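Below you'll find the structure, written out as structure tokens, and then a few comments.
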Amino acid sequence: MELVLSLAIGILTASGLWLIFRPRTFQVILGLALLSYAVNLFIVAAGRLRSDAPPIVGKAAADPAAYADPLPQALVLTAIVISFATTALLLVVLLASRGLTGTDHVDGEDGES
Amino acid sequence: MHDPRLLLVVLALPFAGSAIAAFLPARGRNWASALAGTVALAGAILLAGFFPLVSDGQVLRHESPWLPSLGLDFTLRLDGFTWLFSMLVLGIGALVILYARYYMSPKDPVPRFFAFLQAFMGAMLGIVLSGNLIQLAFFWELTSLFSFLLIGYWHHNQSARDGARMALIVTGAGGVCLLVGFLLLGRIVGSYDVDAVIAAGPIIRAHDAYLAALILILLGAFTKSAQFPFHFWLPHAMAAPTPVSAYLHSATMVKAGIFLLILLWPALAGTQSWYLIVTTAGLATLLLGAWSAIFQQDLKGLLAYSTISHLGLITLLLGLGSPLAAVAAIFHTINHATFKASLFMATGIIDHETGTRDLRQLSGLARFMPITATLAMVAAAAMAGVPLLNGFLSKEMFLAEALESQSGTVIDMLLPFLATLASAFSVFYSVRFIHQTFFGPAPTGLPHQPKDAPRWMLLPIEILVLACLLVGVLPALTIGPFLAGAVEAVLGDRTPHYSLAIWHGFNIPLLMSLIALAGGAAAYWKFGPRLNAVERSPIIGRLKARRTFEAVLAAIVEAARALHRWLGTGRLQVQLRLVIGTALVVGALPFLFLGYSPGPEPGTLIDPVFALLWIIGCLCAVGAAWQAKFHRLVALTLIGGAGLATCISFVWLSAPDLGLTQLLVEIVTLVLLLLGLRWLPQRKPEIWPEARKPLMVPLRRGGDLILATLGGAGVATLAYAMMTRPLPETISRYFVENAYPEGGGANVVNVILVDFRGFDTLGEISVLAIVALTVFTLLRRFRPAPESMELPHQQQRQNAFDQASEDRTEGDTLAHYLFVPRIIVQWLFPVVLTFALYLLMRGHDLPGGGFAGGVTASIGFLLLYMVLGTRAVEAVLDVQPVRWISLGLLCAAGTGLAAWAFGYPFLTSYSRYVDVPLIGAVPIASALLFDIGVFAVVVGTTVLILIAIGHQSIRSPRARKAQDAKQPAEGEA
């Protein structure tokens, strides 16, 4: 599992990086989305891989060893929502820039692509 | 009465007064000055009550925890010395406020002036009363800031702006040095507490870092107190209104450096390096200031250089390091404040009544303003050190010290002569000031006809001059006890025997005084008339400090520009490549040096389904990267595939909350991007000249591919190494163990979000709200590109069909489009909302919560908008996302604040079970209220963003109509 997940994180990162190096705004947005998947998976993996142990405790005294690490999950939960907000902001900024400059190049001017 | 908490009141009063004055109407001159005066007097009266205590040698302290984990407390302390200094700040402050009431023109925004002045007073009190070095540095910076605002008060005036900027840069740079010096000092001592630092003198002086700390702290003190070579800002600061000069540049701001030197004198003084640096700087400043003062043609310029020289004198005394010299320094600090403030005020009156401060134009004013003339003469005599005035006493002490300290160095041998010479200069410029202004023939060609100032404007000067006289004649009875308290507080058991008597017999210091008086007067008699023709001070005038300063500033700016030209780029692609490349190199270095190995933990078995899931996920990711340029819709779909794989992995890896939220956010993001697609230009295959790609293109793409692959490989190996190592002990244990007992919730992730780390979540929803408002504002001014203004193909076809059919009008097909889904979604809407509420309510115990619930609710709105159309939805529903956001933020912050009402820290949550009939025990946690706030913000944000983009499509047809009617499209904004 570790191997599969780390390869998946690596491929998501590589695809995301390739896209954010592209000159067109839409590609950059998609690249950021892929990168955020990779980063979120990485953070969750920092709590190590556990199946069937969601951090939902009973009413009795809880044994931390019996549950997956809740801390990375809390971090990622906020990261998911924030990444939605940044995607939205980026999209709107790029749309506005497209309206103003007439191009969807990331620098607002069409150089060589 | 002797409650140390009163100190807090004394410190807070000026800031409160400043805040009130800032909101007074611009004409409220009387109100603002009365308020400021009351504040200063009230502070002085409160402090006066402490005198019996501090004169006994007690140190009052008020402490409250500030950052206890860093050993920082907010500490106020009061001893004899700081008592005297605060009384100086408040007393002269009150007099300056009275004076400023009459000095300031009603045409100026006077309440603003008093707001700044009081805030400055508060900052100065903050320095004096601080019992903690970091806190002191904070107030130190605050004085720099308010002095900037005060000097630049007449901001329409170029020289005021320049002077303010110069003062800020010089004192601000010194402030940074001071802070670093304090940090070093704190490291040496192990505490930032002033009393602890003072007590640790021997340790500090023996420490290796002593010299560095000393130099840094001295840089701070010297820039503030205008010591050579940082003296040049003070004359330029004279562009400030005269009350500011009287206050900041005689009694307070410039004395802050002196204050610090005296405060830390027991800890830092007494070493060879202290002696060398401080004495040399002081001596140079004393001579240079006095010499330059002689040649000034501007009255305030003369006073400014005289101030520099007197500050140099005090610094010199402190540098000598003997206890008696320290006594003289403290005494002269007070004396200088009284006579110099009164002289500044007198200059202000001359300026006010005649319209000029130019010594070459002024003459014979004594017959027009006899009272001002008399007062100025007495004060100037005190400045010159004439017997029976306070200046004489401290100058006498200074001369005696100059003779006493003989350790054999060149400075010591020259000191008596140089001290006499500087005193003679001081007599020289004092005589010039008085003689040229008040004596001689009546002035001609003045802007105004001179007359004496109003009664109340003279009162502060009278009080100060009376103080000069009283202290000069009866020192032991007037200043004696206060000085004794201050001296004992600083010197402790090293307090020397000193005598405040006027007559010590005919001794050498007296002879030196007499020589200085006679020499200075004779020099004026001989050279005085020729001085009016001098343009700049000889010898020293060549040191063009100001031009050097400007040149250094310009050089720094130019260097920054050059650096930006060489290394900077405005191109995002280059920047990103640099960032990623640097991250790769830095990330690889540790592995190159220390080697890479997977961890010891045995891996968990590979589940074939999981492997298959990620084979698909990775293909989707690579496919999206490949197709994003020409086939956007395909790429979006493929991204969705990768997102789904992520989502399933979260559930697989025991993170149901994440899986749920990711899935919901995925939907919203997809719709968002689909909405955005319409406004992007169509991408056509590149057509290169001569039908071939330039060589650069495959090279660049190849480079990007290598960089991306390396980045991916790096992250993968890092992730693998991390996952195969055992998990170290983290704070997660605490969260799991306490989620139910303390937070009252079974879902640990949710309890962390809304309870343990509620403050972070509050910050996060604020970010969301800001993003939503930014998107909203940006889109209000949005202009779509011209080619994307046309109706979509589908709508064009529908309209064409309507036009072709006889029994239809245009828009009929559109109106009936998606009729069945419309009904279904209308029925579904309440169901979706209920599900959202369910997710919200159960979030504390089961996967769900405010974030997931909020996104779900916004998906409900989204569906409605999609199938019904924007106009139809808004005709029925009142969609007010901005209001939801603000209500949500209020709810979340209010829940946090409510904890204060019960005496708990911000955002402390409370939980218990309530028995509801029929339903049973229901958990009620205040965290739920907080989560409702989160829910409202998330709904508001998501809906606001989506409908802001959605609204664009109903705006553009209207904009086009406006164009058809030959009207500018801007009218639609």
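The values are calculated or read from the model by the stated rules, or taken from the named source; none is laboratory data. Remember, predicted model here, so these are calculated numbers, not experimental data. When we count neighbours, we look across all protein chains shown, and the Cβ atoms used for this are built from the backbone with ideal geometry, even at glycine. Please note that ligands, DNA and RNA were not included when accessible areas were found on the heavy atoms of the full protein model with its side chains. Shrake-Rupley method; radii C 1.70, N 1.55, O 1.52, S 1.80 Å.
Annotations for the structure displayed:
- Boolean, B:Glu764 is assigned to a helix (DSSP H, G or I) and charged (D, E, K, R): yes
- 3 or more residues open to solvent by less than 20 Å² (accessible area, probe 1.4 Å) and farther than 23 Å from B:Thr717 by Cβ: qualifying helices (runs of 4 or more DSSP H) within the stretch B:581-689: B:632-652, B:656-677
- Members of the stretch B:929-966 that are open to solvent by less than 10 Å² (accessible area, probe 1.4 Å), more than 12 Å from every other protein chain (Cβ to nearest Cβ) and modelled with pLDDT under 75: none
- For the stretch B:767-782, the set of residues classified as open to solvent by 10 Å² or more (accessible area, probe 1.4 Å) and either at the interface with chain A (Cβ under 8 Å from one of its Cβ atoms) or not in a helix (DSSP H, G or I) (or both) consists of B:Val767, B:Val771, B:Thr774, B:Leu778, B:Arg781, listed by residue number.
- In the stretch B:539-563, residue modelled with the lowest pLDDT [restricted to those that are in a loop (DSSP other than H, G, I, E, B) and exposed (fewer than 13 other Cβ atoms within 10 Å of the Cβ)]: B:Ile539
- Residue count for the stretch A:78-113, restricted to those that are hydroxyl-bearing (Ser, Thr, Tyr) and more than 7 Å from chain B (Cβ to nearest Cβ): 5.
Conditions (1) open to solvent by 10 Å² or more (accessible area, probe 1.4 Å); (2) in contact with a strand residue (DSSP E or B) (Cβ under 6 Å, 6 or more places away or on another chain); (3) at the interface with chain B (Cβ under 7 Å from one of its Cβ atoms), marked per residue:
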| site | (1), (2), (3) |
| --- | --- |
| A:Leu3 | yes, no, yes |
| A:Ser6 | no, no, yes |
| A:Gly10 | no, no, yes |
| A:Leu32 | yes, no, no |
| A:Ile56 | yes, yes, yes |
| A:Ala60 | yes, no, no |
| A:Tyr67 | yes, no, yes |
| A:Pro70 | no, no, yes |
| A:Val76 | no, no, yes |
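Yes/no matrix, rows are residues, columns are (1) touching a residue at least 24 places away in the same chain (Cβ under 8 Å); (2) under 24 Å from A:Asp104 (Cα atoms):
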residue: A:Glu2; (1), (2): yes, no
residue: A:Leu5; (1), (2): yes, no
residue: A:Ile11; (1), (2): no, no
residue: A:Phe26; (1), (2): yes, yes
residue: A:Gly31; (1), (2): no, yes
residue: A:Val57; (1), (2): no, no
residue: A:Ala60; (1), (2): no, no
residue: A:Asp63; (1), (2): no, no
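- Within the stretch B:211-229, the set of residues being hydrophobic (A, V, I, L, M, F, W, C) and at pLDDT below 90 comprises B:Phe228 only.
- Given (1) of a type in the set (A, V, I, L, M, F, W, C); (2) more than 44 Å from the chain's Cα centre (by Cα); (3) part of a helix (DSSP H, G or I), index of the condition B:Met397 fails: (2)
- As a summary of the residue check, B:Val89 satisfies the conditions (1) more than 18 Å from B:Leu8 (Cβ to Cβ); (2) part of a helix (DSSP H, G or I); (3) not polar (S, T, N, Q) except for the one numbered (1).
- Pick from the stretch B:17-55, criterion assigned to a loop (DSSP other than H, G, I, E, B) and in contact with a Pro (Cβ under 6 Å, 6 or more places away or on another chain), ranking: farthest from B:Pro106 (Cα to Cα): B:Leu24
- Subset of the stretch A:37-54 (residues that are among the hydroxyl-bearing types (Ser, Thr, Tyr) and buried (at least 23 other Cβ atoms within 10 Å of the Cβ)): A:Tyr37
- Helices (runs of 4 or more DSSP H) contained in the stretch B:136-213 and holding at least 3 residues touching a Pro at 6+ places or on another chain (Cβ under 6 Å): none
- Residue check for B:Met413: over 20 Å from B:Phe339 (Cβ atoms) and out of contact with any Asp or Glu (no Cβ under 9 Å at 6 or more places or on another chain): yes
- Residue within the stretch B:267-287 that is closer than 30 Å to B:Pro460 by Cα, at pLDDT below 90 and surrounded by 20 or more Cβ atoms within 10 Å (Cβ to Cβ) present: no
- Test result for B:Leu705, open to solvent by 40 Å² or more (accessible area, probe 1.4 Å), at the interface with chain A (Cβ under 7 Å from one of its Cβ atoms), out of contact with any strand residue (DSSP E or B) (no Cβ under 8 Å at 6 or more places or on another chain) and assigned to a helix (DSSP H, G or I): yes
- Restricting the stretch B:932-955 to residues that are among the polar types (S, T, N, Q) and closer than 19 Å to B:Leu677 by Cβ, the residue that is farthest from the chain's Cα centre (by Cα): B:Ser953
- With respect to the conditions (1) in a helix (DSSP H, G or I); (2) at pLDDT below 90; (3) open to solvent by less than 50 Å² (accessible area, probe 1.4 Å), B:Trp566 falls short on a single one, namely (3).
- Filter result (at pLDDT 80 or above and open to solvent by 100 Å² or more (accessible area, probe 1.4 Å)) within the stretch B:783-820: B:Arg797, B:Phe801, B:Gln803, B:Phe819
- The residue that is nearest to B:Leu7 (Cα to Cα), counting only those in the stretch B:45-65 that are exposed (fewer than 14 other Cβ atoms within 10 Å of the Cβ) and within 29 Å of the chain's Cα centre (by Cα), is B:Ser64.
- Residue match in the stretch B:218-236 (condition: open to solvent by 10 Å² or more (accessible area, probe 1.4 Å), in a helix (DSSP H, G or I) and either touching a Leu at 6+ places or on another chain (Cβ under 8 Å) or hydroxyl-bearing (Ser, Thr, Tyr) (or both)): yes
- Any hit, the stretch B:741-755, residues being facing chain A (nearest Cβ under 10 Å), outside any helix (DSSP H, G or I) and open to solvent by 70 Å² or more (accessible area, probe 1.4 Å): no
- Residue that is surrounded by fewer than 20 Cβ atoms within 10 Å (Cβ to Cβ) and not hydrophobic (A, V, I, L, M, F, W, C), where the choices are B:Gly181, B:Gly163, B:Gly201: B:Gly201
- So B:Val574, is it among the β-branched types (Val, Ile, Thr), open to solvent by less than 70 Å² (accessible area, probe 1.4 Å) and either part of a helix (DSSP H, G or I) or on the phi < 0 side of the Ramachandran plot (or both): yes
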